[in-house]
Amino acid sequence: MNTQVEQPEKDNFVLYMVLATVVLVGAILAVKLNENEKFEPIKQQLEEENKQMNIRVIANRGE
């Protein structure tokens, strides 16, 4: 007689959830970094315009 003891399969649900979370967070970070790179020239242009238009308002104008 050949008897085999069947081992119950491990429940990998937690492992799959951790992997899915890591993949999701990685995808979100990749999109955010891509947006930062995409809008960097616009940000630099706005900073340059702010430097050029740096007009100081005199606080004591009414006195």
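Taken together, the values in this text are just the output of simple stated rules run on the coordinates, not laboratory data. Bear in mind that the values here come from a model prediction, so they are computed numbers and not experimental data.
At-a-glance table
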| quantity | calculated |
| --- | --- |
| Extension reserve of the residue 42-residue 54 stretch, reckoned as 0.36 nm per residue once the Cα distance is removed | 2.5 nm |
| Extension gain (nm, one decimal) between residue 27 and residue 13, 0.36 nm per residue minus Cα-Cα | 2.9 nm |
